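Novice: Take a look at the following structure, please.
The values are calculated or read from the model by the stated rules, or taken from the named source; none is laboratory data. Keep in mind it's a predicted model, so treat the numbers as computed, not measured. Every residue, glycine among them, receives a Cβ derived from its backbone with ideal geometry; neighbour counts consider all protein chains shown. Only protein heavy atoms, including side chains, enter the accessible area calculation; ligands, DNA and RNA are left aside. Shrake-Rupley method; radii C 1.70, N 1.55, O 1.52, S 1.80 Å.
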Amino acid sequence: MMESEVTGNCHASFGERDRETRKSKGLKVRSVPTLLSPLLANIALNGIESIHRYHVAYKRGGKITDKTKEKEIIEPSIRYADDMVIILRPEDDAEEILEEIGQFLATRGMKVSAKKTKVTTATDGFDFLGWHFKVQSNGKFKSTPSVDNFKKFRQKVKAIVNCSNYGSEVKAQKLAPIVRGWRKYHRFCDMRGSRFSLWFLNHRTFKVFNKETKNDRYSSRKLVDKAFPAIPYSESRHVMVKGNKSPYRR
(Lines give C-alpha, C1' and ligand atoms only; values in the text may rest on other atoms or scores of the structure.)
Protein backbone atom coordinates (compact mmCIF):
# COMPACT_ATOMS: atom_id res chain seq x y z
CA MET A 1 0.00 0.00 0.00
CA MET A 2 1.47 3.33 -1.01
CA GLU A 3 -0.02 6.72 -0.23
CA SER A 4 1.26 9.99 -1.58
CA GLU A 5 0.57 13.68 -2.07
CA VAL A 6 1.69 15.83 -4.97
CA THR A 7 3.16 19.30 -4.71
CA GLY A 8 3.82 21.84 -7.44
CA ASN A 9 4.85 25.45 -7.95
CA CYS A 10 1.47 26.53 -9.26
CA HIS A 11 -0.71 29.59 -8.81
CA ALA A 12 -3.13 27.36 -6.93
CA SER A 13 -1.17 25.15 -4.56
CA PHE A 14 -2.22 21.52 -4.93
CA GLY A 15 -1.22 20.90 -1.32
CA GLU A 16 -4.09 23.07 -0.07
CA ARG A 17 -7.39 21.64 -1.26
CA ASP A 18 -10.17 24.21 -1.74
CA ARG A 19 -7.78 27.08 -1.00
CA GLU A 20 -6.11 29.15 -3.70
CA THR A 21 -2.82 30.70 -2.65
CA ARG A 22 -2.29 34.10 -4.26
CA LYS A 23 1.14 35.70 -4.05
CA SER A 24 2.17 39.24 -4.96
CA LYS A 25 5.69 40.61 -4.74
CA GLY A 26 6.14 42.67 -1.58
CA LEU A 27 2.75 41.65 -0.22
CA LYS A 28 1.69 39.06 2.31
CA VAL A 29 0.27 35.72 1.19
CA ARG A 30 -3.51 35.68 1.10
CA SER A 31 -5.58 32.47 0.93
CA VAL A 32 -9.00 32.55 -0.68
CA PRO A 33 -11.44 29.56 -0.54
CA THR A 34 -11.95 28.17 -4.04
CA LEU A 35 -12.63 24.98 -5.97
CA LEU A 36 -9.84 25.77 -8.43
CA SER A 37 -7.12 23.66 -6.78
CA PRO A 38 -8.81 20.23 -7.05
CA LEU A 39 -9.92 21.08 -10.60
CA LEU A 40 -6.35 21.90 -11.67
CA ALA A 41 -5.10 18.78 -9.91
CA ASN A 42 -7.56 16.59 -11.80
CA ILE A 43 -6.52 18.15 -15.12
CA ALA A 44 -2.78 17.90 -14.47
CA LEU A 45 -2.86 14.40 -12.97
CA ASN A 46 -5.23 12.83 -15.46
CA GLY A 47 -3.71 9.49 -16.50
CA ILE A 48 -1.51 8.97 -13.44
CA GLU A 49 -3.68 6.02 -12.39
CA SER A 50 -2.59 4.09 -15.50
CA ILE A 51 1.07 4.02 -14.44
CA HIS A 52 0.44 0.97 -12.26
CA ARG A 53 -1.93 -1.53 -13.84
CA TYR A 54 -2.06 -5.20 -14.73
CA HIS A 55 -4.23 -7.79 -16.47
CA VAL A 56 -7.11 -9.26 -14.50
CA ALA A 57 -5.74 -12.73 -15.31
CA TYR A 58 -2.14 -11.92 -14.36
CA LYS A 59 -1.89 -15.04 -12.18
CA ARG A 60 -2.45 -17.13 -15.30
CA GLY A 61 0.11 -15.19 -17.27
CA GLY A 62 -2.25 -12.60 -18.73
CA LYS A 63 -0.56 -9.45 -20.02
CA ILE A 64 -1.89 -6.12 -21.25
CA THR A 65 -1.65 -5.59 -25.01
CA ASP A 66 -3.16 -3.16 -27.52
CA LYS A 67 -6.06 -5.59 -27.96
CA THR A 68 -6.81 -5.96 -24.23
CA LYS A 69 -10.31 -4.84 -23.32
CA GLU A 70 -10.75 -2.11 -20.73
CA LYS A 71 -12.73 -4.40 -18.42
CA GLU A 72 -9.77 -6.80 -18.31
CA ILE A 73 -7.39 -4.13 -16.99
CA ILE A 74 -7.01 -3.45 -13.26
CA GLU A 75 -5.75 -0.05 -12.10
CA PRO A 76 -5.46 -0.52 -8.30
CA SER A 77 -5.36 3.09 -7.20
CA ILE A 78 -7.67 5.65 -5.61
CA ARG A 79 -7.18 9.36 -6.15
CA TYR A 80 -8.94 12.54 -5.07
CA ALA A 81 -7.33 15.68 -6.53
CA ASP A 82 -3.68 15.45 -5.40
CA ASP A 83 -4.13 12.71 -2.76
CA MET A 84 -3.58 9.18 -3.99
CA VAL A 85 -3.40 5.62 -2.67
CA ILE A 86 -1.89 2.80 -4.74
CA ILE A 87 -2.62 -0.81 -3.78
CA LEU A 88 0.38 -3.04 -4.37
CA ARG A 89 0.71 -6.79 -4.84
CA PRO A 90 3.52 -8.72 -3.08
CA GLU A 91 5.42 -8.94 -6.38
CA ASP A 92 5.15 -5.19 -7.14
CA ASP A 93 8.20 -2.96 -6.74
CA ALA A 94 7.12 0.16 -4.85
CA GLU A 95 10.33 2.06 -5.62
CA GLU A 96 10.01 1.39 -9.34
CA ILE A 97 6.38 2.56 -9.39
CA LEU A 98 7.28 5.66 -7.38
CA GLU A 99 10.07 6.46 -9.84
CA GLU A 100 7.63 6.23 -12.78
CA ILE A 101 5.21 8.52 -10.96
CA GLY A 102 8.06 10.97 -10.36
CA GLN A 103 8.84 11.03 -14.08
CA PHE A 104 5.16 11.55 -14.89
CA LEU A 105 5.00 14.53 -12.53
CA ALA A 106 8.34 16.02 -13.58
CA THR A 107 7.05 16.62 -17.11
CA ARG A 108 4.25 18.69 -15.51
CA GLY A 109 6.49 20.70 -13.22
CA MET A 110 5.45 18.82 -10.10
CA LYS A 111 6.95 16.33 -7.69
CA VAL A 112 5.90 13.83 -5.05
CA SER A 113 5.84 15.11 -1.48
CA ALA A 114 8.47 12.98 0.25
CA LYS A 115 7.14 13.83 3.72
CA LYS A 116 3.67 12.57 2.90
CA THR A 117 4.64 9.52 0.86
CA LYS A 118 5.05 6.17 2.55
CA VAL A 119 4.78 2.47 1.91
CA THR A 120 2.78 0.55 4.50
CA THR A 121 0.78 -2.63 4.92
CA ALA A 122 -3.00 -2.65 5.07
CA THR A 123 -2.80 -4.31 8.50
CA ASP A 124 -0.80 -1.33 9.83
CA GLY A 125 -3.36 1.07 8.41
CA PHE A 126 -3.10 4.38 6.57
CA ASP A 127 -4.84 7.78 6.47
CA PHE A 128 -6.70 9.05 3.41
CA LEU A 129 -9.07 12.03 3.10
CA GLY A 130 -9.61 12.32 6.85
CA TRP A 131 -10.21 8.60 7.42
CA HIS A 132 -7.99 5.88 8.85
CA PHE A 133 -8.26 2.58 6.98
CA LYS A 134 -7.07 -0.71 8.39
CA VAL A 135 -7.43 -4.43 7.82
CA GLN A 136 -7.76 -6.10 11.21
CA SER A 137 -6.09 -9.36 12.25
CA ASN A 138 -9.38 -11.20 11.66
CA GLY A 139 -9.35 -10.03 8.03
CA LYS A 140 -12.18 -7.54 8.44
CA PHE A 141 -11.91 -4.03 7.06
CA LYS A 142 -12.30 -1.08 9.42
CA SER A 143 -12.41 2.68 8.89
CA THR A 144 -12.48 5.44 11.50
CA PRO A 145 -11.86 9.19 11.51
CA SER A 146 -8.11 9.81 11.36
CA VAL A 147 -6.23 11.18 14.37
CA ASP A 148 -5.46 14.48 12.62
CA ASN A 149 -9.04 14.88 11.41
CA PHE A 150 -10.48 14.34 14.89
CA LYS A 151 -7.88 16.65 16.44
CA LYS A 152 -8.80 19.53 14.12
CA PHE A 153 -12.50 18.94 14.70
CA ARG A 154 -12.05 18.88 18.47
CA GLN A 155 -10.08 22.14 18.35
CA LYS A 156 -12.93 23.84 16.48
CA VAL A 157 -15.48 22.63 19.02
CA LYS A 158 -13.37 23.59 22.05
CA ALA A 159 -12.68 27.06 20.61
CA ILE A 160 -16.42 27.77 20.50
CA VAL A 161 -17.27 26.14 23.83
CA ASN A 162 -14.52 28.03 25.67
CA CYS A 163 -15.19 31.38 23.98
CA SER A 164 -16.34 33.91 26.59
CA ASN A 165 -17.83 36.20 23.93
CA TYR A 166 -20.75 33.84 23.29
CA GLY A 167 -23.61 32.73 25.46
CA SER A 168 -24.73 29.11 25.54
CA GLU A 169 -27.50 29.64 22.98
CA VAL A 170 -25.13 31.22 20.44
CA LYS A 171 -22.57 28.50 21.10
CA ALA A 172 -25.18 25.81 20.43
CA GLN A 173 -26.11 27.49 17.14
CA LYS A 174 -22.47 27.67 16.05
CA LEU A 175 -21.65 24.12 17.12
CA ALA A 176 -24.59 22.39 15.44
CA PRO A 177 -23.49 22.74 11.77
CA ILE A 178 -19.88 21.82 12.62
CA VAL A 179 -20.86 18.67 14.52
CA ARG A 180 -23.53 17.72 11.98
CA GLY A 181 -21.11 18.14 9.08
CA TRP A 182 -18.37 16.10 10.80
CA ARG A 183 -20.74 13.28 11.69
CA LYS A 184 -22.23 13.19 8.19
CA TYR A 185 -18.79 13.04 6.61
CA HIS A 186 -17.88 10.03 8.77
CA ARG A 187 -21.28 8.32 8.72
CA PHE A 188 -19.83 5.25 6.97
CA CYS A 189 -17.06 4.82 9.56
CA ASP A 190 -17.02 2.89 12.82
CA MET A 191 -18.20 5.59 15.22
CA ARG A 192 -18.55 3.43 18.30
CA GLY A 193 -16.83 4.29 21.56
CA SER A 194 -16.74 7.38 23.74
CA ARG A 195 -14.23 9.19 21.53
CA PHE A 196 -16.06 9.24 18.21
CA SER A 197 -19.49 9.35 19.86
CA LEU A 198 -18.21 12.69 21.26
CA TRP A 199 -19.17 11.78 24.83
CA PHE A 200 -16.33 13.77 26.40
CA LEU A 201 -16.93 16.87 24.28
CA ASN A 202 -20.64 16.55 24.99
CA HIS A 203 -20.04 16.31 28.75
CA ARG A 204 -17.57 19.22 28.74
CA THR A 205 -20.03 21.40 26.83
CA PHE A 206 -22.80 20.55 29.30
CA LYS A 207 -20.62 21.63 32.25
CA VAL A 208 -19.81 24.96 30.56
CA PHE A 209 -23.45 25.62 29.65
CA ASN A 210 -24.65 24.67 33.10
CA LYS A 211 -22.40 27.29 34.73
CA GLU A 212 -24.48 30.09 33.25
CA THR A 213 -26.91 31.47 35.83
CA LYS A 214 -29.81 31.52 33.38
CA ASN A 215 -29.49 27.78 32.73
CA ASP A 216 -30.39 24.78 34.84
CA ARG A 217 -29.44 21.20 34.06
CA TYR A 218 -32.57 20.69 31.95
CA SER A 219 -32.07 23.75 29.73
CA SER A 220 -28.36 23.00 29.51
CA ARG A 221 -29.05 19.45 28.36
CA LYS A 222 -31.52 20.74 25.77
CA LEU A 223 -28.92 23.16 24.38
CA VAL A 224 -26.26 20.44 24.31
CA ASP A 225 -28.60 18.16 22.35
CA LYS A 226 -29.09 21.03 19.92
CA ALA A 227 -25.34 21.60 19.66
CA PHE A 228 -24.59 17.89 19.06
CA PRO A 229 -27.27 16.69 16.60
CA ALA A 230 -27.41 12.91 16.26
CA ILE A 231 -26.55 11.49 12.84
CA PRO A 232 -26.99 7.73 12.27
CA TYR A 233 -23.95 5.88 10.95
CA SER A 234 -23.66 2.62 9.07
CA GLU A 235 -20.14 1.27 8.82
CA SER A 236 -18.95 0.41 5.30
CA ARG A 237 -22.45 0.74 3.81
CA HIS A 238 -21.46 3.36 1.25
CA VAL A 239 -22.63 2.96 -2.34
CA MET A 240 -19.87 2.18 -4.83
CA VAL A 241 -19.60 4.36 -7.94
CA LYS A 242 -20.09 2.20 -11.03
CA GLY A 243 -17.41 2.20 -13.71
CA ASN A 244 -16.32 5.66 -14.81
CA LYS A 245 -19.47 7.39 -13.59
CA SER A 246 -19.24 10.42 -11.38
CA PRO A 247 -21.07 10.45 -8.02
CA TYR A 248 -22.14 14.03 -8.82
CA ARG A 249 -24.00 13.12 -12.01
CA ARG A 250 -27.53 11.77 -11.92
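Novice: Can you say whether Asn202 is of a type outside the set (Gly, Ala, Ser), open to solvent by 30 Å² or more (accessible area, probe 1.4 Å), closer than 17 Å to Ile231 by Cα and over 21 Å from the mean Cα position of the chain (by Cα), as far as the supplied structure shows? Even if it seems obvious, please write down each step before you answer.
Specialist: Numbers: of a type outside the set (Gly, Ala, Ser): yes; open to solvent by 30 Å² or more (accessible area, probe 1.4 Å): yes; closer than 17 Å to Ile231 by Cα: yes; over 21 Å from the mean Cα position of the chain (by Cα): yes.
Taking the combined requirement at face value, the residue satisfies it.
Novice: Hey, can you tell me all the residues within region 218-238 that are outside any helix (DSSP H, G or I) and of a type in the set (Phe, Trp, Tyr)?
Specialist: Selection gives Phe228, Tyr233.
Novice: Does Asn46 satisfy the criteria of being under 16 Å from Val112 (Cα atoms), part of a helix (DSSP H, G or I) and open to solvent by 30 Å² or more (accessible area, probe 1.4 Å)?
Specialist: no
Novice: While we're looking at this one, here's another question. Taking the criterion of being within 29 Å of Asp124 (Cβ to Cβ), loosely packed, with under 12 Cβ neighbours inside 10 Å and aromatic (Phe, Trp, Tyr), would at least one residue in region 209-218 satisfy it?
Specialist: no
Novice: Another question, then. Within region 222-239, can you find the residues that are open to solvent by 90 Å² or more (accessible area, probe 1.4 Å) and either farther than 24 Å from Phe196 by Cβ or modelled with pLDDT of 95 or more (or both)?
Specialist: Correct list: Lys222, Lys226.
Novice: Next question, about the same structure. Scan region 162-186 for residues that are outside any helix (DSSP H, G or I) and open to solvent by less than 100 Å² (accessible area, probe 1.4 Å) and report the count.
Specialist: Qualifying residue count for the region: 5.
Novice: Still on this structure, please answer the following. Have a look at Phe128, Phe104, Phe141 and point out the one that is surrounded by 11 or more Cβ atoms within 10 Å (Cβ to Cβ), touching a helix residue (DSSP H, G or I) at 6+ places or on another chain (Cβ under 8 Å) and aromatic (Phe, Trp, Tyr).
Specialist: Among Phe128, Phe104, Phe141, only Phe104 is surrounded by 11 or more Cβ atoms within 10 Å (Cβ to Cβ), touching a helix residue (DSSP H, G or I) at 6+ places or on another chain (Cβ under 8 Å) and aromatic (Phe, Trp, Tyr).
Novice: Would you please name the residue that is farthest from Glu91 (Cα to Cα), looking only at residues in region 56-74 that are hydroxyl-bearing (Ser, Thr, Tyr) and surrounded by 10 or more Cβ atoms within 10 Å (Cβ to Cβ)?
Specialist: The residue in question is Thr68.
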